[in-house]
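Everything below concerns the one structure shown next.
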Amino acid sequence: MTSDMTAYATAFLTGAILWSLATIAAGGREIWDVGLYWTVAYPAALLTGGGLAALYPERPWRWPLVVMLAQMPVMIAMGSGLGLFPLGLALLAILSLPGMAIAVLIGAWRRRTNSLS
């Protein structure tokens, strides 16, 4: 497996696991309305994107995006209806923006430090 594929798999699985665990911890309620998502799962998603950017600094914006968008298939698999699919997808894309900004900064720093070596 290529390193990019490893990073994609890590990002996807992390996003899916975070959403699944937060849903279970929330008792099956919509986790957007539960503080656990905003205090634990979302920061963990941002940290994962930043960590992957440090390890895979080329086009680092994609790692947080994959982490966040991986939550959508889990939502559907856990019984969320498709009626709000476009809104959910848009919200996840928006929520990925801070992580993408962090990842771009980390990726630039990593590429710069690698070029100085």
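The values are calculated or read from the model by the stated rules, or taken from the named source; none is laboratory data. Here the structure is a predicted model, which is why all the values come from computation and not from measurement. Positions of Cβ are backbone-derived with ideal geometry, glycine not excepted, and every protein chain shown enters the neighbour counts. When the accessible area is computed, the model is the full protein with side chains, heavy atoms only, and any ligands, DNA or RNA have been set aside. Shrake-Rupley method; radii C 1.70, N 1.55, O 1.52, S 1.80 Å.
Report, to the nearest 10°, how far helix 42-55 tilts away from the longest principal axis of the Cα atoms in the chain, using its own Cα long axis and a range of 0 to 90°.
20
How would 78, 68, 100 line up by accessible area, probe 1.4 Å, largest first?
78, 100, 68
For 29, 62, 110, write out the residues from largest to smallest accessible area, computed with a 1.4 angstrom probe and no ligands counted.
Most to least solvent-accessible, the answer reads 29, 110, 62.
Of 90, 31, 21, which is farthest along the charge dipole of the chain in the positive direction, counting Lys and Arg as +1 and Asp and Glu as -1 at C-beta?
Selected residue: 90.
So, with a 1.4 angstrom probe, what is the percent of accessible area on region 24-117 that is carbon and sulfur?
Result for region 24-117: 72 percent of the exposed heavy-atom area is carbon or sulfur.
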